[in-house]
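Novice: Have a look at the structure that comes next, please.
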Amino acid sequence: MNDYIDALGLVFQGYVLLAIAGGTLLGLIMGALPGLTAAMAIALLLPLTFGMPPVMGVGMLLGTLCGAIAGGSVSATLLNIPGTPSSVATTLDAFPMARSGQAGRALGIAIVASFLGGIFSAVVLSVLAPPIAEFALRFGAPEYFALSVFGLVIIASVSKNLAKGLAAGLIGLLLATVGSDPMLGSPRFTYGNMSLLTGINLLPALIGLFAVSQVLADVVDYFKTEKADASNTPIDKASPRWIEVLKHWKVVLSSSVIGTIVGAIPGAGGSIASFLSYDQAKKMSKTPEKFGKGHSEGIIASESSNNSLVGGSLIPMLTLGVPGEAATAVLMGGLMIQGIRPGPTLFTEQGAIIYGIFIAFFVANIFMMLFQWFGIRLFIKILQIPRKLLMAMILVFCVIGVYAVDSNIFNVYLMLAFGVLGFFLNKYGFGTAPVILGLILGPIAESNLRRALMVSGGDWTVFVTRPISLSFLVVALLFLAFSLWQNAKHKTSFA
Amino acid sequence: MQRPIPEATFHIVLIGLVGYFLMESFSIRGSAAGGNLSPAFFPKAICALLIILLLLSLVRVVIEGISNKELEQPREVSFGISVIAWLVVLALLILYAFLLEPLGYILTTALLIFCMVSTLVLLNKQDQKASLKGAIGLAGFSILTSLAIFILFSKGFSIILPTLGIAGV
Amino acid sequence: MKKIMTTLSVATAALTLSTLAVADYPTKNIEFIVPWNAGGGADNVVRALQNPVEKALGTNLVVRNISGGGGAVGFSTAVGAKTDGYVVTIPTNATFTLEGLGNVGFTYTDFEYIARVLVEPYVLAASSQKGWESLEEMLNDLQENDRPLMVGASGVGSSTHIMAVALAEELGVRFEVVPYDSGANAVTAAMGGHIDAVVLNPSEVVSGIDSGRLTAIVTTGDERSGALPDAPTMLEQGYDFSVSQWRGVAAPKGISQEVEDRWVEAIQAAVEDPEFQRAAEMMGSDIMPLYGDELDEFVENTARLMIEEAAKLAQ
């Protein structure tokens, strides 16, 4: 208890709060730009935190992390550009809603849902971190494989036409096999290109499939619309929609639970959490046919889940010293430079600091919500830029975003190729979200399947004799059946 | 289905590409040791499944195309122009990626914005007439935007961008 | 006339500047290429070095993450950079293993090695569920049951993978090396008891050892690691085997002696910086700087071993 009081004293100081606010703001800006990831934002601020007291420095980095994830939803909503992989599911409903003249409502829902998801994960982090970490350790290769199969089943749910959706998912899986084989290192489809040795980078694929393809479609559209400049689309009132979101509290809660738990399993491909929640919300919903056309429940599910992911991903990092993905890895570097070694001893030996980190995380979430609340009117102004200028600027930001990831021009070409692919996939009803799911889950599924067989000595029964693995596979089957039934009921054709 | 022929063509292109991947996957080295799967297993399995699904979808497109033949809509007048615009924009982007490193960020970006927007203006009959004043305004906008982004990224985010090496541009 | 005068004075100014440029190195920002994404071990080291080196050199270090190909793209970019000393990179054992695996166009001799800064041994850490307290217990158990040891490494072809293979050879037992996507994932699997052990660097296993989920069996350094003072080295256990992961500073071959000297001074100052020392300790690395001929000898020995082992794996 004393630790908590000390911790409050560490956080509630003018400079500390200012640092957290600054970090959050930078995160929001970088997250909203395509290509700039949370990991890059944190790495950028890292040297600044050296001279700071631990809670102040870590608080600033936590703010950056929260902000970057939340910022991703702004560009996803307004421009169909998922700023981060976890906001892909947000584009499914938020962008159609924004296009129908309700951009303010879409952003308002996203802000509230993100905030609630973030706060939920902050509570779980401060109360339940050690037992959840213990649970995450029970995941071996068979469990990761089963989890990724479970994730792949979502393709059926986000496809408008099952055969085409599955084909798009398989295209993603196929492209995911490019690069060195994960177990033996044999090059596959690399054609001697060094940049392809580690596989297709997710970001160029993501930005190509979503943003570039969207601009290419807009170019065609530009000559079709009566009035060439749609800059005067009516825009509704931009403000947070507390009541609308709270009405769907069940969606918020279940999505936050999914986000926190998936986030807590290191290397589970955290960005699938928002898809899992989206899928789950669609299955629970009374109006599943509205999903994908600008439905509020879809935005709520995706947004509350991807912000609860942040708190979840801090669990294994703080309790086990194992960062689940790039952003928490940089954050862990930041902690170590501060002289804090993550792991179980952190809780027993440096109580005040760990509780200070928890409180700073709460504060960061509050700042994130406030900044978005005030910023929402500013964000929405983007839509008033004349369309021909906006299209050019989006492309410029896409190119620089992808180039900035690793200063590798090859990725820019890769992005353009994905842009063309995405354009045609959308035009002929295949969709691009399944490709991303395939790309994210493919490597996890393949490497863990083969790893599991390696450890078991070629025994395939490991997948059904281990309880967690078995239950994921069974639930995946049930979900698949349910999706097929739901699609049939709402007349989604198979072939 | 408004345009079954392009859609069928897209299917065939995809099938061709996947077929190529399938062929290539036979030359992936590395064998399956100890009851495990070989590195080529997944690519082969995915390709095979993908071809089946695409064929299935192709058959449906063709059947629908035949039964709805009369329903096929005449192409809009603007169709040709939009295809040209689409190709020009894509060509500009490829050129942009190609020139980005040799010519530096600011110059190429300004050129891209200028060329792309003027393409859209010139090709669009509904848009206001192209004028010298408009062109100068656009040039100014292109340069300012490109400069602003350059400063934001290089100073704000400490990201190194390619430069021409003359006067810091 | 006035025009000629201006031209002349500009020319003189330019001339003075260019002569000064060498003596006054550095006059502009220095680009530090990290061939991996932000958040990796090497990236953390460079970011920890950033402040003290900037202070010593009096200029800004701009960290540039050029990832791809497990370091291949970034190292290739660094090799191809101008030799004016404004582009440097962070050499590690990966610089050598990439060459051994045969996927890159450069060799380790294409770099001018300026300094070795940090050293961390490889450590074989077993899951505590196995109940092994020492190398001897582990080896006896493996021989009695005649089963291979399931060992996690941080990626196919990574230096930890190569080291695991080399360790098995040296110890004379069978290792089944299971490559993971990252060191973190391998550690998680070992902590959960899904595999028997990992071969990684101390920073990645320290938390697991603190929590009692992992037991350090043996390390590969010349001396015991500061992060794992209780773990014996291979040398202590009677094996003639000593290899460590290291991180330093290198530039493309052909930089001037002045530039190299300036950097050596800067690194000498940086390793005395208390903040850097604290960061290195937390990262589980030992500060063991090496410069000049001693460094060249070290690079030569390490490179030969790593390239040889990696080439075996590539077959």
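The values are calculated or read from the model by the stated rules, or taken from the named source; none is laboratory data. Being a predicted model, the structure only gives us computed values, none of them experimental. When we count neighbours, we look across all protein chains shown, and the Cβ atoms used for this are built from the backbone with ideal geometry, even at glycine. In case anyone asks, the SASA skips ligands and DNA or RNA and just uses the protein heavy atoms, side chains included. Shrake-Rupley method; radii C 1.70, N 1.55, O 1.52, S 1.80 Å.
Novice: With respect to the numbered conditions (1) charged (D, E, K, R); (2) under 17 Å from A:Met454 (Cβ atoms); (3) free of Cβ contacts under 8 Å to residues at least 24 places away in the same chain, which one is the sole condition not fulfilled by C:Asp146?
Specialist: With respect to (1) charged (D, E, K, R); (2) under 17 Å from A:Met454 (Cβ atoms); (3) free of Cβ contacts under 8 Å to residues at least 24 places away in the same chain, C:Asp146 is out only on (2).
Novice: Follow-up. Just for segment A:1-39: of the residues that are in a helix (DSSP H, G or I) and at pLDDT below 85, which one is most open to solvent (accessible area, probe 1.4 Å)?
Specialist: A:Asn2
Novice: While we're looking at this one, here's another question. Looking at (1) more than 10 Å from chain B (Cβ to nearest Cβ); (2) open to solvent by 10 Å² or more (accessible area, probe 1.4 Å); (3) in contact with a Ser or Thr (Cβ under 6 Å, 6 or more places away or on another chain), which is the only condition A:Ala156 fails?
Specialist: All conditions pass for A:Ala156, except number (2).
Novice: Still on this structure, I have one more. Take segment A:44-64 and flag every residue that is small (Gly, Ala, Ser) and over 23 Å from A:Ala76 (Cβ atoms).
Specialist: A:Gly51, A:Gly57, A:Gly59
Novice: Considering C:Val53, C:Val62, which residue is part of a helix (DSSP H, G or I), open to solvent by less than 40 Å² (accessible area, probe 1.4 Å), β-branched (Val, Ile, Thr) and touching a strand residue (DSSP E or B) at 6+ places or on another chain (Cβ under 7 Å)?
Specialist: None of the other options fit; the residue is C:Val53.
Novice: Kindly indicate whether any position in segment C:36-43 is closer than 14 Å to B:Ile160 by Cα and either over 14 Å from the mean Cα position of the chain (by Cα) or not in a helix (DSSP H, G or I) (or both).
Specialist: no
Novice: Name the single residue, out of those in segment A:80-97 being at pLDDT 90 or above and open to solvent by 10 Å² or more (accessible area, probe 1.4 Å), that is nearest to A:Thr260 (Cα to Cα).
Specialist: A:Leu92
Novice: While we're here: Every residue in segment B:138-163 that is at pLDDT below 90, part of a helix (DSSP H, G or I) and open to solvent by less than 60 Å² (accessible area, probe 1.4 Å), please.
Specialist: B:Phe153, B:Ser154, B:Gly156
Novice: Go through segment C:165-192 and give me each residue that's under 27 Å from A:Leu335 (Cα atoms) and either of a type in the set (A, V, I, L, M) or open to solvent by 10 Å² or more (accessible area, probe 1.4 Å) (or both).
Specialist: Hits for segment C:165-192 are C:Tyr180, C:Asp181, C:Ser182, C:Ala184, C:Asn185, C:Ala186, C:Val187, C:Ala189, C:Ala190, C:Met191, C:Gly192.
Novice: Continuing with this model, one more query. Just to be sure I understand, how many residues within segment A:147-186 are farther than 17 Å from C:Asp181 by Cβ and not in a helix (DSSP H, G or I)?
Specialist: Residues flagged as farther than 17 Å from C:Asp181 by Cβ and not in a helix (DSSP H, G or I) within segment A:147-186 amount to 4.
Novice: Return yes or no: is C:Asp84 in contact with a helix residue (DSSP H, G or I) (Cβ under 9 Å, 6 or more places away or on another chain), more than 20 Å from C:Ala186 (Cα to Cα) and in contact (Cβ under 8 Å) with a residue 40 or more places away in the chain?
Specialist: For C:Asp84, the condition - in contact with a helix residue (DSSP H, G or I) (Cβ under 9 Å, 6 or more places away or on another chain), more than 20 Å from C:Ala186 (Cα to Cα) and in contact (Cβ under 8 Å) with a residue 40 or more places away in the chain - is met.
Novice: Next question, about the same structure. (1) within 30 Å of A:Leu62 (Cβ to Cβ); (2) under 23 Å from the mean Cα position of the chain (by Cα); (3) open to solvent by 10 Å² or more (accessible area, probe 1.4 Å): which one isn't true of A:Arg377, the others all being true?
Specialist: Every condition holds for A:Arg377 apart from (2).
Novice: May I ask you to list the residues in segment A:343-362 that are over 22 Å from A:Ala43 (Cβ atoms) and more than 14 Å from chain C (Cβ to nearest Cβ)?
Specialist: The answer is A:Gly351, A:Ala352, A:Tyr355, A:Gly356, A:Phe358, A:Ile359, A:Phe362.
Novice: Now for a different question. For segment A:125-146, give me each residue that is open to solvent by 10 Å² or more (accessible area, probe 1.4 Å), closer than 29 Å to A:Ile357 by Cβ and not in a loop (DSSP other than H, G, I, E, B).
Specialist: Selection gives A:Ser126, A:Val127, A:Leu128, A:Pro130, A:Pro131, A:Ile132, A:Glu134, A:Phe135, A:Tyr144.
Novice: Right, next: Any idea which of (1) modelled with pLDDT of 85 or more; (2) at positive phi is the one A:Ile353 doesn't satisfy?
Specialist: Single failed check for A:Ile353: (2).
Novice: Any residue at all in segment C:220-227 that's within 14 Å of another protein chain (Cβ to nearest Cβ), closer than 30 Å to C:Ala190 by Cβ and in contact with an Asp or Glu (Cβ under 7 Å, 6 or more places away or on another chain)?
Specialist: Checked segment C:220-227: at least one residue is within 14 Å of another protein chain (Cβ to nearest Cβ), closer than 30 Å to C:Ala190 by Cβ and in contact with an Asp or Glu (Cβ under 7 Å, 6 or more places away or on another chain).
Novice: Restricting attention to helices (runs of 4 or more DSSP H) lying wholly within segment A:382-492, give those where 1 or more residues are open to solvent by 20 Å² or more (accessible area, probe 1.4 Å), more than 9 Å from every other protein chain (Cβ to nearest Cβ) and of a type in the set (Gly, Ala, Ser).
Specialist: Because the criterion is at least 1 residues that are open to solvent by 20 Å² or more (accessible area, probe 1.4 Å), more than 9 Å from every other protein chain (Cβ to nearest Cβ) and of a type in the set (Gly, Ala, Ser), the helices (runs of 4 or more DSSP H) in segment A:382-492 that meet it are A:409-427, A:467-489.
Novice: Something else: Would you call A:Ile340 more than 14 Å from chain C (Cβ to nearest Cβ), on the phi < 0 side of the Ramachandran plot and β-branched (Val, Ile, Thr)?
Specialist: When the stated conditions are applied, A:Ile340 does not pass them.
Novice: In the list C:Ser128, C:Ser134, which residue meets the criterion of being closer than 23 Å to C:Gly226 by Cα, surrounded by fewer than 23 Cβ atoms within 10 Å (Cβ to Cβ), within 13 Å of another protein chain (Cβ to nearest Cβ) and touching a residue at least 12 places away in the same chain (Cβ under 8 Å)?
Specialist: Just a single option satisfies the conditions, and that option is C:Ser128.
Novice: On the given criteria, is A:Gly179 touching a helix residue (DSSP H, G or I) at 6+ places or on another chain (Cβ under 9 Å), farther than 21 Å from A:Ser86 by Cα and open to solvent by less than 10 Å² (accessible area, probe 1.4 Å)?
Specialist: So A:Gly179 fits the description; yes.
Novice: Open to solvent by less than 20 Å² (accessible area, probe 1.4 Å) and not aliphatic (A, V, I, L, M): does that describe A:Gln372?
Specialist: Answer is yes for this residue.
Novice: (1) within 14 Å of another protein chain (Cβ to nearest Cβ); (2) part of a helix (DSSP H, G or I); (3) open to solvent by less than 30 Å² (accessible area, probe 1.4 Å): which one isn't true of C:Gly284, the others all being true?
Specialist: Failing condition for C:Gly284: (2).
Novice: Here are the criteria: (1) closer than 28 Å to C:Thr188 by Cα; (2) part of a helix (DSSP H, G or I). Tell me which single one C:Ala303 does not satisfy.
Specialist: Just one mismatch for C:Ala303, condition (1).
Novice: Could you list, in sequence order, all residues of segment A:174-213 that are over 18 Å from B:Phe21 (Cα atoms) and more than 9 Å from every other protein chain (Cβ to nearest Cβ)?
Specialist: Those that are over 18 Å from B:Phe21 (Cα atoms) and more than 9 Å from every other protein chain (Cβ to nearest Cβ): A:Leu202, A:Leu203, A:Pro204, A:Ala205, A:Leu206, A:Ile207, A:Gly208, A:Leu209, A:Phe210, A:Ala211, A:Ser213.
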